[in-house]
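Step one of this worksheet: look at the structure below.
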Amino acid sequence: AGVIVGIVALPLSMALAIATGLPPMMGLFTAIFAGGTIALLGGSQHQVSGPTAAFIVVLVPIIGQFGVNGLMVAGLLAGALLILMGLCGFGAMIRFIPYPVTSGFTAGIAVSIATTQVHGFFGLTLPAGTQLARLDYTERVAVLAESMSTMNLHVLAIGALTLAVLILWPRYASRRLPAPLPALVISTLGALALRRWADWHDVPVLGERFSIRGTLAFAWPGTFDPRPFMTPEAIADAHAEYFAPFAWTWTNVRALLPAAFSIAMLGAIESLLSAVVADGLADTRHRSNTELIGQGVGNLVSPFFGGFAATGAIARTATNVRNGGRSPLAALVHALTVLAFVALAAPLAEAIPLSALAAVLLIVCWNMAEVRHFIGLLRAPRSDVLVLLTCLLLTVLVDMVWAVAVGVVLASLLFMRRMAELSEVRPGHEDDDADANGQALADLPVPPGVTVYSIDGPFCFGATDKAVATLGDVEGGVRVVVLRMRRVPAIDATGLHALRKARDLLARRGVRLVLSAVQPQPLRALQRSGLAAELGEENIHADVLTALDRARTLTAGPH
């Protein structure tokens, strides 16, 4: 399984590095060192980690502002943040990010990446000095639209051939041999043949931009030089800050912290999603906090060896499980397979057409977006569709961090509204369910001057105003209100404030408040807040029978 996953990782690691704006060797270094370290220290038996497509939209702006070394330092800081998140137990909290949020921003990332690969797939000639990945989405689309007239049909033919093999291979050939390998072999051989016999010399290949050398690199973060892995043409095209060493000053580190936080958040979400997928395929359970720590250590190690940010890769992890991987050894073998390629056969990759790598990434984007599933989600409740589309649009038009933040807040607000709609206060005679003692309220004698209300659902903010209005509007002649709370599993500070407000409204009318069947969490909250003492412990009862007895005693007293 590890060898097969390593074969899958080879073209993906190179393609993802190029899409990020880095030499492909840096993608291979990431798969080797980050992937191997995380395999040894992570909390999932089946997780395979390395460079992933999701990071592209986060990493490209960092390179534009801080250069390659700034990117590597950001990865180092992100590793430290991931370790801190794991030690603080954040692994369990990330699972509370709603599914429409993760689906929306993942689809948005896929759309953004796909637009950066269009020019390579079609062989477009962009305006001089244009760095497509650094443009905003709308600017990128405009540049692509203006450049469509420069389409190179030879480049498109090689890209289309690769795309066809990627689509058809799993359907009609071996599913055990991953499609990217035969696709790149066929497209590379096809391009070489057409160069020789049909004079197709206008199809750019990897070796014209990058040097795929069988050497490893070690450098302290902030001092890495990527030029040995680039051709003179690529070096000349890079901007001045691209090669600059990183100055370790507090000002520079502070400027990188937001980027590091973005990498850490995305890495945490992606790795835990991948671990959940592996659990579903292999019927296992991962340790989320251990996984975050392992991811953090992997991202700390990666920059020392010419690598960049890594996280759990869902496609590679699924391939690992489906091919029999049952332990971290498979993920370690995947890293060693990539290492063997670098040591023994790296120069062979220089003949790969760039349009073939673009085709590989377009398929990655399609799978990442889960188009059919996304369309199915559009039939979900309207509130979930709103969250989904908001996250998609914010990811494409703004950035991933804003998409997740706004998506979580929006989903939370909609969830609170939903809970408020479910929570209600109604007259007790409408509640015919038996209480803990087996007697229904309809069968119990309610004393004169006593009325009973029931609260259904969590008594939290968003659900309290209606309750206060109902309780404060009791009929004349009522001296005691018995409030049944057997269906209130939780109460928060707003709910406590609402109860206190209702008690004060009733008290001004000479009406007493008695609580019955208070659940454990609300009872603890009442006691800790002091509201239990204010109501009087004698006015809080375990069931409605004793509460009615207490109400009878109160109504028998002086008016």
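Restricting the search to the stretch 199-210, which residues are in a loop (DSSP other than H, G, I, E, B) and over 34 Å from the mean Cα position of the chain (by Cα)? If you could, list the steps in order and put the result at the bottom.
Initially, the stretch 199-210 is screened for residues in a loop (DSSP other than H, G, I, E, B), giving 199-204, 209.
Listed by number, the residues that qualify are Asp199, Trp200, His201, Asp202, Val203, Pro204.
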**Asked** Which residues, taken from the stretch 38-54, are crowded, with 24+ Cβ neighbours inside 10 Å and not aliphatic (A, V, I, L, M)?
**Response** Gly42, Ser44, His46, Gln47, Ser49, Gly50, Pro51, Thr52
**Asked** Would you pick out the residues in the stretch 235-275 that are closer than 30 Å to Val48 by Cβ and touching a Ser or Thr at 6+ places or on another chain (Cβ under 9 Å)?
**Response** Phe246, Ile263, Leu266, Gly267, Ala268, Ile269, Glu270, Ser271, Leu272, Leu273, Ser274, Ala275
**Request:** Kindly indicate whether any position in the stretch 254-274 is of a type in the set (Lys, Arg) and in contact (Cβ under 8 Å) with a residue 60 or more places away in the chain.
**Result:** no
**Item:** Residue within the stretch 104-116 that is buried (at least 19 other Cβ atoms within 10 Å of the Cβ), part of a helix (DSSP H, G or I) and of a type in the set (Phe, Trp, Tyr) present
**Value:** yes
**Item:** Candidate set: the stretch 73-103, residues that are outside any helix (DSSP H, G or I) and in contact (Cβ under 8 Å) with a residue 60 or more places away in the chain; chosen: the one farthest from Ala369 (Cα to Cα)
**Value:** Gly89
**Item:** Whichever residue in the stretch 237-251 is of a type outside the set (A, V, I, L, M) and in contact (Cβ under 8 Å) with a residue 12 or more places away in the chain and, among such residues, is farthest from Ile109 (Cα to Cα)
**Value:** Trp248
**Asked** In the stretch 134-177, how many residues are in contact with a strand residue (DSSP E or B) (Cβ under 8 Å, 6 or more places away or on another chain) and free of Cβ contacts under 8 Å to residues at least 60 places away in the same chain?
**Response** 0
**Asked** Scanning for something surrounded by fewer than 20 Cβ atoms within 10 Å (Cβ to Cβ), in the same structural domain as Gly159 (by TED's automatic domain parsing) and not small (Gly, Ala, Ser), does the stretch 348-361 turn up at least one residue?
**Response** yes
**Message:** Please go through the stretch 282-306 and give me each residue that is crowded, with 18+ Cβ neighbours inside 10 Å and β-branched (Val, Ile, Thr), ordered by number.
**Reply:** Ile293, Val297, Val301
**Asked** farther than 15 Å from Ala359 by Cβ and not β-branched (Val, Ile, Thr) - does that describe any residue in the stretch 178-186?
**Response** no
**Asked** How many residues are within 23 Å of Ala340 (Cα to Cα) and polar (S, T, N, Q) when one looks only at the stretch 210-262?
**Response** 2
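Does Gly267 satisfy the condition of being crowded, with 17+ Cβ neighbours inside 10 Å, within 30 Å of Pro347 (Cβ to Cβ) and not polar (S, T, N, Q)? Break it down stepwise before answering.
On the way: crowded, with 17+ Cβ neighbours inside 10 Å: yes; within 30 Å of Pro347 (Cβ to Cβ): no; not polar (S, T, N, Q): yes.
It is false that Gly267 is crowded, with 17+ Cβ neighbours inside 10 Å, within 30 Å of Pro347 (Cβ to Cβ) and not polar (S, T, N, Q).
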**Prompt:** Do we have any residue at all in the stretch 510-533 that's more than 22 Å from Phe415 (Cα to Cα), part of a loop (DSSP other than H, G, I, E, B) and free of Cβ contacts under 8 Å to residues at least 12 places away in the same chain?
**Reply:** yes
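So which of Thr290, Thr317, Thr284 is over 30 Å from Ala260 (Cβ atoms), in the same structural domain as Ile18 (by TED's automatic domain parsing), touching a residue at least 24 places away in the same chain (Cβ under 8 Å) and β-branched (Val, Ile, Thr)?
Going through Thr290, Thr317, Thr284 in turn, just one is over 30 Å from Ala260 (Cβ atoms), in the same structural domain as Ile18 (by TED's automatic domain parsing), touching a residue at least 24 places away in the same chain (Cβ under 8 Å) and β-branched (Val, Ile, Thr): Thr284.
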**Request:** Name the residue, out of Asp465, Asp492, that is within 30 Å of Ser412 (Cβ to Cβ) and surrounded by fewer than 17 Cβ atoms within 10 Å (Cβ to Cβ).
**Result:** Asp465
**Prompt:** Taking the stretch 485-498 as the region of interest, how many residues are within 12 Å of Ala525 (Cα to Cα) and assigned to a helix (DSSP H, G or I)?
**Reply:** 5
**Pair list, Cβ < 7 Å and 6+ apart or interchain, from the stretch 205-233 residues that are without any contact (Cβ under 8 Å) to a residue 60 or more places away in the chain to residues that are aromatic (Phe, Trp, Tyr)** = Asp225/Phe243; Arg227/Phe243; Thr231/Phe210
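The values are calculated or read from the model by the stated rules, or taken from the named source; none is laboratory data. Note that this is a predicted model, so its numbers are computed, not measured. Virtual Cβ from ideal backbone geometry, glycine too; neighbours counted across all protein chains shown.
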